[in-house]
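Student: I have a structure I would like to understand better, so I am pasting it below and will then ask my questions one at a time.
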Amino acid sequence: MNETVEDGAVSGLVAVRGVDKVFKRGSEEIHVLGGLDLDIPEGEFLALMGPSGSGKSTLLNLIGGLDRPSQGTIEVADERIDNLSNRKLAAWRARHIGLVFQFYNLMPVLSARRNVELPLLLTHLSRSERRKRAEIALDIVGLSHRMSHFPRTLSGGEQQRVGIARAIVTDPTLLLCDEPTGDLDRTSSGEILDLLQALNREQGKTIVMVTHDMHAAERASRTLFLDKGRLSLEPSV
Amino acid sequence: MAGPFNWLAQILSIAVFNLRTLPQRVGSSLTAIFGIAGVVAVMVGVLSIAQGIMRTMERSASPENVVVLRSGANSEMMSILMGDDVRFVSEAPGVAREDGDALASPELYVIIDRVKKGSGTDANVPLRGITPPALEVHKDFRILEGRMFEWGLNEVVVGVGARGEFEGLEVGDVIEVARENWPVVGVFDANGGIAEAEIWVDAAVLQPAYQRGNSFQSVYARLESPDAFQAFKDALTSDPRLNVKAMREADYYAEQSGTLYTLITTLGTLIAVIMGLGAVFGALNTMYTAVASRAREIATLRALGFHSGPVVVSVLLESVLLALLGGVIGALLAWWAFDGFSAATLNWSSFSQLTFAFDVSFALLVNGIVFALIIGLVGGLFPALRAARMPIANALREQ
């Protein structure tokens with residue numbers, strides 16, 4: 001059972017159609033996603049849940065253009081991305097996708113501001129404009145006082161805020177968060193979820209969040225469950 | 001313009017990250033740097049031997065000078081010229097004259113045993129019998145210490161190279177030649193030329209000592225000008241009384257050193273290539289380690305939208321930079337250790353010792369550094385491609 005029809009959501013920002021994803025391990029084929037359909041309207045905060053190995057992160061990677069489906073099509077903002085060349089896909093990601101990772105994936109040798117500036121190096125903005133935008137993004141996540149700090153001097157929660165600032169600095173079409181609170185304590189998790197919720201509600205950001213945490217999923221406007229490569233509105237028993 | 005600019009900005013950004021993480025990989029980076037430095041030092045060192053020999057030969061030659069040998073002889077050792085031959089050569093057109101006397105020096109060339117200072121083993125040292133015109137023909141000859149031998153006496157002067165390499169050749173020492181004692185009365189230099197490896201005596205006293213009668217082995221002559229060579233040569237080769245060949249001094253020395261030069265250059269290149277292969281593996285290991293340790297960072301950059309091309313170029317840049325450092329260190333090491341270092345080796349053409357100084361020329365240093373850069377490029381290429389081809393989704397999960 002796939003989500004599109006049952007949920008009644010209209011076609012929107014993201015349209016996943018008949019997507020299969022098969023991984024090969026030696027001669028063995030592992031079917032992670034099978035004939036999956038999904039629509040995500042603009043401005044939605046969608047939580048994807050499911051057991052480990054259910055294909056949540058794989059789906060997120062496919063929507064973010066980090067991987068390609070074995071079969072099926074994926075459209076984001078009316079642009080089909082499953083058949084783009086690697087070069088075009090990279091440019092597309094830079095333009096449309098903001099990524100938030102479980103382990104933050106910050107560059108340890110760069111300050112918070114420099115980390116946030118990274119995606120802007122792919123634009124034609126001047127140095128001063130890049131700096132200004134990075135500072136605004138850090139201000140949004142409440143870290144304007146920690147701009148010159150390096151990741152190792154920041155707490156986990158602060159590092160994830162820097163990660164979110166980096167994800168939003170280019171004003172992407174879609175924010176993809178893979179277990180954004182998976183490495184954080186309850187307090188920090190709450191702060192990060194507050195921040196994501198605020199970005200969704202106040203700035204209209206479309207967010208897709210993969211999580212194991214039911215409390216985190218409750219912050220989303222919609223939660224879908226993925227199991228054995230199929231989406232559903234309820235967790236499988 | 002935006003495209004290339006964007007691409008360069010990406011390369012620069014990733015290269016800067018890479019370089020800033022070097023302190024985290026100082027061990028493997030230093031291994032690569034010093035591995036490459038060793039290769040370059042050995043390569044430059046070995047090739048500087050060949051360079052030094054060639055330079056010694058070049059310094060020995062004067063553009064106006066010619067060497068005359070018996071036709072068919074490849075070296076003075078194999079040649080013989082009788083008194084009449086010498087006279088006919090001296091009278092040939094184009095030979096320079098001073099106060100009516102031809103500047104043609106008939107010379108005798110024999111080999112004596114001396115003990116090498118370094119190894120304590122016997123080695124062949126050339127003993128050259130000269131005649132008075134030799135001092136005008138070999139213009140670079142200069143007494144450094146002591147005095148010139150007296151014509152007609154059993155006295156010798158020793159080349160500065162021979163004195164440095166062999167025992168018992170100081171002024172005041174006495175050497176035994178043909179069962180006779182010959183005191184060393186002076187030391188000479190010859191502008192770094194091959195003559196510095198020789199011992200010189202009066203040919204007139206050497207001939208009876210070796211029972212050579214009125215024979216010589218070569219005639220060194222100074223021509224009026226380098227342009228006079230062809231006429232001089234034609235006159236000798238067309239004279240039915242003579243069976244000789246004439247060569248410019250430069251050509252003769254080039255021929256004399258050719259075998260040795262080729263041998264050392266080939267050997268040096270072979271050693272460099274073999275060691276270079278080792279260094280390539282060192283660089284490969286370093287860069288694979290570098291790429292592996294930054295797999296997640298590289299994947300993150302690519303996930304953010306950085307292209308694979310700049311990732312490849314930036315990894316290559318790091319590899320080439322490490323190689324450049326290694327190359328420069330190796331080149332400086334070779335220059336410091338080898339340049340001007342005096343040594344002697346067997347000249348395969350004359351079967352006698354040839355003294356020379358290692359010559360670490362600028363061109364050799366550049367070649368060494370270029371070789372290092374090639375090692376860096378080859379060593380960095382596969383890790384760079386690996387970095388660019390890693391599946392982003394998998395690499396993002398690397399710890």
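The values are calculated or read from the model by the stated rules, or taken from the named source; none is laboratory data. Every value quoted in this text rests on a predicted model; they were computed, and no experiment measured them. For neighbour counting, all protein chains shown are included, and Cβ atoms are generated from backbone atoms with ideal geometry for every residue, glycine included. Ligands, DNA and RNA are excluded from the accessible area calculation, which covers all protein heavy atoms including side chains. Shrake-Rupley method; radii C 1.70, N 1.55, O 1.52, S 1.80 Å.
Student: Counting only complete DSSP H runs, which helices of chain B cover 30 Å or more along their long axis at the Cα atoms and score a mean Kyte-Doolittle of -0.5 or above?
Tutor: Membrane-span-like by this criterion, though nothing is claimed about a membrane: B:26-60, B:249-293, B:308-338, B:362-389.
Student: Can you give the FRET efficiency for A:Asn86 and A:Arg186, using 1/(1 + (r/R0)^6), R0 = 41 Å, r = Cβ-Cβ distance, to the nearest 0.05?
Tutor: Efficiency at R0 = 41 Å is approximately 0.55.
Student: Continuing with the same structure: In whole Hz, with x marking every Gly and Pro, tabulate ³J(HN,Hα) for the stretch A:15-22 from phi via Karplus 6.51 cos²θ - 1.76 cosθ + 1.60, θ = phi - 60°.
Tutor: 10, 9, 10, x, 7, 10, 9, 10
Student: Projected area of the stretch B:1-134, taken from the Cα convex hull and averaged over every viewing direction, in nm²?
Tutor: Orientation-averaged projected area of the Cα hull: 19.4 nm².
Student: Using the Kirkwood formula on the Cα atoms of chain B, what hydrodynamic radius do you get, in angstrom to one decimal?
Tutor: 24.7
Student: Using a 10 Å cut-off on Cβ to Cβ distances, tally the other chain neighbours for every residue of A:112-123 and report the average as a whole number.
Tutor: Shielding by partners across A:112-123 averages 3.
Student: On to the next question. For the stretch A:112-237, report the convex hull volume of the alpha-carbon atoms normalised per residue, in Å³, without decimals.
Tutor: Taking only Cα atoms, the stretch A:112-237 has a hull volume of 123 Å³ per residue.
Student: Here is a further query. Provide the FRET efficiency to the nearest 0.05 for the B:Glu255-B:Leu19 pair, computing r from the beta carbons and using R0 = 41 Å.
Tutor: 0.20
Student: Moving on. Taking 7 Å along the Cα-to-C-beta vector as the label spot, tell me the A:Ser52-A:Val22 distance in nanometres, rounded to one decimal.
Tutor: Label-label distance for A:Ser52 and A:Val22, simple model: 2.7 nm.
Student: While we're here: Rounded to the nearest 500 deg cm²/dmol, what is the calculated helix-only ellipticity per residue at 222 nm for the protein assembly as shown, with -39500 (n - 2.57) per DSSP H run of length n ≥ 4?
Tutor: Here the helix-only value at 222 nm equals -14500 deg cm²/dmol.
Student: Please report, largest first and rounded to whole Å, the three semi-axes of the ellipsoid equivalent to chain A, where each semi-axis is the square root of five times an eigenvalue of the C-alpha gyration tensor.
Tutor: Its equivalent ellipsoid spans semi-axes of 30, 20, 17 Å.
Student: Find the centroid of the Cα atoms in the stretch A:47-81 and in the stretch B:116-190, then give the distance between the two in whole Å.
Tutor: 89
Student: Moving on. How big is the accessible area of B:Tyr252 in square angstrom, nearest 10, if you roll a 1.4 angstrom probe over the protein chains?
Tutor: Accessible area, nearest 10 Å²: 10 Å².
Student: What is the sum of charges, Lys and Arg at +1 and Asp and Glu at -1, for the other residues whose Cβ falls under 13 Å from the Cβ of B:Ala61?
Tutor: Surrounding charge for B:Ala61 is -1.
Student: Compute the FRET efficiency between B:Ile111 and B:Arg87 as 1/(1 + (r/R0)^6), taking r as their Cβ-Cβ distance and R0 = 22 Å, and round to the nearest 0.05.
Tutor: 0.25
Student: Determine which residues of the stretch B:43-70 fall in the zone a paramagnetic label at B:Phe341 would reach in this model, i.e. backbone nitrogen under 11 Å from the point 7 Å along Cα→Cβ.
Tutor: In the stretch B:43-70, the label zone of B:Phe341 (backbone N under 11 Å from the point 7 Å along Cα→Cβ) covers B:43-49.
Student: Same structure, new question: Dividing the Cα convex hull volume of the stretch B:72-242 by residue count, how many Å³ per residue is that?
Tutor: Roughly 124 Å³ of hull volume per residue.
Student: Rounded, prolate or oblate: which fits the stretch A:1-120 when a ≥ b ≥ c are the square roots of the eigenvalues of the alpha-carbon gyration tensor, with rounded for a/c under 1.5 and prolate only if a/b beats b/c?
Tutor: Cα axes put the stretch A:1-120 in the prolate bin.
Student: For helix A:127-140, report the angle its Cα long axis makes with the longest principal axis of the Cα atoms of chain A; keep it between 0 and 90° and round to the nearest 10°.
Tutor: Taking Cα atoms only, the helix is inclined about 70 degrees.
Student: Turning to a different aspect of this structure: Give me the net charge for the shell around B:Ala388: Cβ to Cβ below 12 angstrom, other residues only, Lys and Arg +1, Asp and Glu -1.
Tutor: +4
Student: Give me P(r) over the stretch B:252-317, computed from all C-alpha to C-alpha distances, binned every 10 Å, as integer percentages.
Tutor: Binned Cα distances yield the sequence 18, 27, 18, 15, 12, 8, 2.
Student: Still on this structure, please answer the following. Of all alpha-carbon pairs in the protein assembly as shown, indicate the percentage at a distance above 40 angstrom.
Tutor: Roughly 53 percent, rounded to a whole number.
Student: Taking each residue of B:293-306 in turn, how many C-beta atoms of other protein chains fall within 10 Å of its C-beta, and what is the average?
Tutor: Taking the mean over all residues of the peptide, I get 6.
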